[in-house]
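In what follows, a single structure is set out as structure tokens and then discussed.
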Amino acid sequence: MPCQSKLGVIRQVPPKLKGGKAPKKREQKKRKKYAITLMDIIFYFFFILIMSVVVFGAYAHISIYYLK
């Protein structure tokens with residue numbers, strides 16, 4: 001009986017820990033959402049930069065071909 005009671009206590013501890021960790025996970029998810037938005041802004045900024053460089057390069061090549 002004492003062993004079973006100890007096992008019962010051990011079994012009851014993980015759900016309590018999970019309950020304590022659940023709000024923290026939700027907070028981390030919110031922080032991850034903010035981080036993802038910042039990463040998206042940076043990604044789109046660099047994407048627009050690269051596309052503008054590509055368009056400018058194509059325009060330069062076309063102008064060089066027309067000048068020749």
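Please treat every number below as a calculation from the coordinates, not as lab data. These figures come from a predicted structure and were not determined experimentally.
Points to keep in mind about this one:
- Table column - 3J(HN,Hα) (Hz), the range 47-56, Karplus curve with 6.51, -1.76, 1.60, x for Gly and Pro: 4, 5, 4, 4, 5, 5, 5, 5, 5, 4
- Couplings 3J(HN,Hα) of the range 57-64, computed from phi: x, 5, 4, 4, 5, 5, 5, 5 Hz, in residue order, whole Hz [Karplus 6.51 cos²θ - 1.76 cosθ + 1.60, θ = phi - 60°; x for Gly and Pro].
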